[in-house]
Amino acid sequence: MLNSFSILSLIVAIPFLGMLFTLAAKEAENGKTNNVFNVAVFAVISNIIMILRVFMLVKLNEPGLHLIEKYNWMKKPNIDIIFGVDVLSLMMLLAIHIAFVIGFVGIRNNYKKQKTLMVFSLLFLSMVNGFFISGDIFSFYMFFEAMLIPQFLLLGIFGNIKRKEYINRFFVYNMVGAILFFTAVVLLFNYHKGSLGLQQLSLMNLSNRLEYFIWGAIFISLLSRIPVWPFHYWISSVDSNLRNPMVFIISIIIPLTGLYGFIRFLPQTLPQVLDIVILLLQIISVITMLFISLIGYINKDRQYKLFSYITVYYIMYLLGVLTGKEDILLNIVYSLFSYLLIVTCLEIFSYYLYKEQSEHSVLDDGMLCAYPRLSIVYGFVTLAAVGLPLSSLFMSNFLILSNLLADNIQMGIIMLLAIIIVSCALLNEFFRLRDFEKWNANGVEIKDINGKYFALMLFVCFCLMMSFVKPLWFVFVF
Amino acid sequence: MPNIVSVLPEILLSCVGILFFLINKYRTANTPKTFYSLSKYSLYLFVLGEITLRYFDVKSDFFHNDAMTVFYKIILSVSALIIFSMSCKWFLSKNLNSAMFYALSLWLFCGLMLVISTNHLMILCGGMILIMLMQYALSLLYKEDEERQTGHQFGIFSAIMMLILISSLAYVYHQTLSWDIKSIAMHYKNKSLNIWDNMAYLGFMLNIIYMLGMFPTHISKIQAHKAAILPSSTVIQVLPLLGGYGCFVFFSGQTVVSDFKLIFQLIHLFAFISIFWGAFSLIKENNLKAMISYSCLYAIGVAILSLKNFDKDNLLSSLLYLIIFTVSVLGIYGILFSLKYKGEYLSELSSVQGLYSQKPMLAVLLCVFLMSIAGMPLSLGFIGKLQIVDSFVLLEEYWVMFFFFMAFFLILIAYLNIINQVFFSEKCQNLDRINNGSIFWISVFIIVFLIGILNPAFYIENLEKLIR
């Protein structure tokens, strides 16, 4: 379907324009009108409306990309920028936007360099939107690499990472992946003599050395974004130290881009010679899962527990993608939708508790007892996170896991074990926070989350519940 | 009587340079703006003259005025205009006499104009000598005696290069009895080359390399550039880079590349070393001007390395890369011209610590220009990088591409260090107010960037038309 209104370009442009307006807005001050926050949230909500509109326009049952927009960007080499969406990219876009709203609302009272945070976040969002609506390999690469710059700046300014070399290393190692991707893209251009759609790449036969190199380069570059050994070291060294929830949310979107790349590029027919590579990756992945889940369980830091949960789930999704089954891919996307919302909520709640804890100088044991509203939503989200039938995570993960168990029982069991361990870690943390006997208020004045924020959280819980009933429920509602 | 009409614009500029001294001597109410305005209008006249001559297709035995040379001249004029404008504020803030600076810069500019369009070997050498002398004089400008050491070293090195150039010129004339570059090239095409012929050719090439500031002739130039005042440093760095590249392309195009294959292989080796030398030195360096010099060393290495066959595609990639690089470098200079602390312009990396917390827009723009030099996507530099990598793939130079990426990582690390200092460090001093002149030019660069990113075909197609 050809799109004459350029609605997809608008989805990229709106956060960028929002960023420019945010740049022009007055920096927030305590207790006064927060223009920066209002403009940023307005930009994201406008985009959510646009995305829902795109959902209406797209025939979800038809395969391939919809609402295609094509621009001839350069004649030498001949590069066409193609935008297009399908249900996979739309679900991701929607989840990321909702996560951004939750994140923005969660940090609305944090006035320290808020403008900077909003500006770079919106820039990042614009790049991510470009990435998810890319319909050709060239624009896919451009946005794949371009999103690193705002992320790098956000990590550096707000990451509170003591050793700046970690951030440099993190960026450089991501760039290694991006350069491999770039090399593959340029080779592909000369190999195919022109632009290449995303779907064409997955149809590549991998028959000669050049094709193997191209595929290998893309494979490694995508893998470098997912916290699988040996890449997990750099990611964990940065992510587990982050104290700003918005930056954390942005940093967990980076592995998503790698995973999405695998969904797009994994060849439909892999030659037998690559079986050993896939097997090796599976072994490394399950070992990483188990390793990270155990560290997460032992570690006392709530942030690290969340990080280990995120890592284990990302790797599980990666293994699911590697099966190459169409129905599994769709379930992964449905599951990722809930997963993103859940981890965003958990991060925001965790941040709220940290803030309260440091403000009142109290221990966090049993702290949730003093925050009834927060406790309700925290409990709901934690239970949804561990896989109870409260979101699309339940059914989709059930299908993914059953398929993986059927494919390789040994690896499936290890994976299941890792998932159980991280779930236990999350539950333990929740019970510790809810332990009434350990709560020692010391007469401090407690401030629960406000009514509006509670309403938003309840709405998110409602969305999660509805995604369990039907993953694309909003298409029928609106 | 030689036809001098085609070189009238250059003659005009040289006369303006002399006029500056007269005005400086006999007019009392001079300000830096006086000389800037004169330079500006003379550059406008120069460009107008060049376009008119091109329009009427004025031919000369000594000069070729084709679309490409006019394009080079216009690009150089625009760059000179930008530098002159930014420098004017510098002289105003320092309350120094700018006559000498503008006169020397205009003569340097004239030298560059001569070397990129002449067919006459004597004029080529004369132009090169003029460029070297002007660079030397600019490096000494407003320096105390004890600070002139690096400038003098640069002068000594320039003198050695001049000797090499004159020796080569004498040898070639003795062999061919001609000054015409094309006739000389034809002469050598029909005979077998001996070691002295190769040495003479290498002598010319070394001088062009010296103008470009490429390995192995770069060290004294970078030191002089580092020590010079900011306006001189900008002129020495930017103008010879573009002009030297034009000279390299025209001289190599007129002479027969295949006959001097060994020398071109040697130049490619120099280019290769330049890339790594530039990248490694950039990591260690703390002086901002020297950092720009090493970035230029890296960039010129990349541009020359991609010129393997001197065919149109190679030329397009290489030229586009260099022009985009120059725009980015001018952007960085624009920022350097805006940063002052108690009236002193900043020159050390440590002095820009925490720039983001004081001047966020400048810090973001600096980041944009740095990322453009590095060739990150969605910056203009990416288009240049894409062209270069594409040309490596077309030439099947996969190893060169691999090493290019290695060097790219090194410069990326260096730029990340700068960004670290600018964005992630606490501010160390309260900077002065920014002047509007630099902001104007930075805004122009950003518009150029935006056009380039949204519609790169606009630049590429026009450039391609010129080359073809």
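None of the figures in this text is laboratory data; all of them are computed from the coordinates on show. As the structure is a computational prediction, the values presented were derived from the model and not from experiment. When we count neighbours, we look across all protein chains shown, and the Cβ atoms used for this are built from the backbone with ideal geometry, even at glycine.
Using Cα-Cα distances under 8 Å and only pairs 6 or more residues apart, what relative contact order does the range A:26-121 have, in percent?
36 percent
Ratio of alpha-carbon Rg to the 2.2 N^0.38 Å globular estimate for the range A:370-478, to two decimals, please.
Details: Rg = 17.6 Å, N = 109, 2.2 N^0.38 = 13.1 Å.
Output field value: 1.35.
Picking from B:Ile273, B:Met291, B:Leu362, whose Cα lies most toward the positive end of the charge dipole for the range B:258-468 (charges on Cβ: Lys, Arg +1; Asp, Glu -1)?
Positive-end residue among those listed: B:Leu362.
Calculate one ³J(HN,Hα) per residue across the range A:58-71 by plugging θ = phi - 60° into the Karplus curve 6.51 cos²θ - 1.76 cosθ + 1.60, and present them in order as whole Hz with x for glycine and proline.
Along the range A:58-71, the couplings run 8, 8, 5, 7, 7, x, x, 7, 10, 6, 4, 10, 10, 10 Hz.
Taking Cα centroids, how far is the range B:103-163 from the range A:243-293 in Å?
The range B:103-163 and the range A:243-293 have Cα centres spaced 58 Å from each other.
Taking the alpha-carbon distance from B:Lys312 and a cut-off under 27 Å, which lysines remain once sequence neighbours fewer than 8 residues away in the same chain are dropped?
List returned: A:Lys75, A:Lys76, A:Lys193, B:Lys59, B:Lys73, B:Lys182, B:Lys189, B:Lys261, B:Lys385, B:Lys465.
Kirkwood hydrodynamic radius, the range B:258-468, all distinct C-alpha pairs: what's the number in Å? Walk me through the numbers before you get to the answer.
Numbers: mean 1/r = 0.0561 Å⁻¹.
Result for the range B:258-468, one decimal place: 17.8 Å.
Treat the count of other C-beta atoms within 10 Å as a stand-in for reagent exposure and order B:Glu144, B:Glu50 from fewest to most.
Details: B:Glu144 6, B:Glu50 24.
Exposure proxy ranking, most exposed first: B:Glu144, B:Glu50.
Whose amide H sits under 5 Å from the amide H of A:Met74, counting only residues 5 or more places off or on another chain, with H placed in the peptide plane?
Answer set, sorted by chain and number: A:Ile79.
For the range A:6-58 and the range A:336-401, write down the distance between their C-alpha centroids in whole Å.
26 Å
Quick one: compute the contact order of chain B, relative version, from alpha carbon pairs under 8 angstrom and 6+ residues apart, as a percent. Don't skip to the answer; put the middle values down first.
Numbers: 630 pairs, mean separation 66.1, N = 468.
Reported as a whole number, the value is 14 percent.
For chain A, what is the mean residue ellipticity at 222 nm derived from helices alone (per DSSP H run of n ≥ 4: -39500 (n - 2.57); sum divided by total residues; nearest 500 deg cm²/dmol)?
Dividing the helical sum by the residues of chain A leaves -24000 deg cm²/dmol.
Helix A:35-57: angle to the longest alpha-carbon principal axis of chain A, degrees 0 to 90, nearest 10?
The angle comes out near 50 degrees.
Antiparallel versus total DSSP beta bridges in the protein assembly as shown: what percent is that, nearest 5? Mind dumping the intermediate values first?
On the way: 14 of 15 bridges.
Once the DSSP bridges in the protein assembly as shown are tallied, antiparallel ones form about 95 percent.
Fewest first, what order do A:Val58, B:Val5 take by the number of other Cβ atoms within 10 Å?
On the way: A:Val58 20, B:Val5 15.
Result, fewest neighbours first: B:Val5, A:Val58.
Relative contact order for chain A: what percent, with Cα pairs under 8 Å and sequence separation of 6 or more?
Working: 695 pairs, mean separation 65.5, N = 478.
Relative contact order of chain A: 14 percent.
Return A:Phe170, B:Phe91 ranked ascending by Cβ neighbour count within 10 Å, so the fewest neighbours appear first.
B:Phe91, A:Phe170
Hey, what angle do you get for helix A:409-434 against the long axis of chain A, alpha-carbon based, 0 to 90 degrees rounded to 10?
Roughly 30 degrees, rounded to the nearest 10.
Can you give the calculated 222 nm mean residue ellipticity of chain B, where each DSSP H run of n ≥ 4 adds -39,500 (n - 2.57) and the sum is split over every residue, rounded to the nearest 500 deg cm²/dmol? All intermediate terms of the calculation are to be shown ahead of the outcome.
Values: 19 runs with 354 residues, N = 468.
Helices in chain B give a 222 nm mean residue ellipticity of -26000 deg cm²/dmol.
Rounding to the nearest 10 and keeping the result within 0 to 90°, find how far the Cα-based axis of helix A:7-24 lies from the longest principal axis of chain A.
50 degrees
Calculate, in whole percent, how much of the Cα-Cα pair population of the protein assembly as shown lies beyond 46 Å.
35 percent
Take the alpha-carbon centre of the range B:2-44, take the same for the range B:277-303, and report the distance between them in whole Å.
34 Å
D for the range B:107-158, whole µm²/s, Stokes-Einstein with Kirkwood Rh over alpha-carbon pairs at 37 °C and 0.692 mPa s: what number?
Here the translational diffusion coefficient equals 282 µm²/s.
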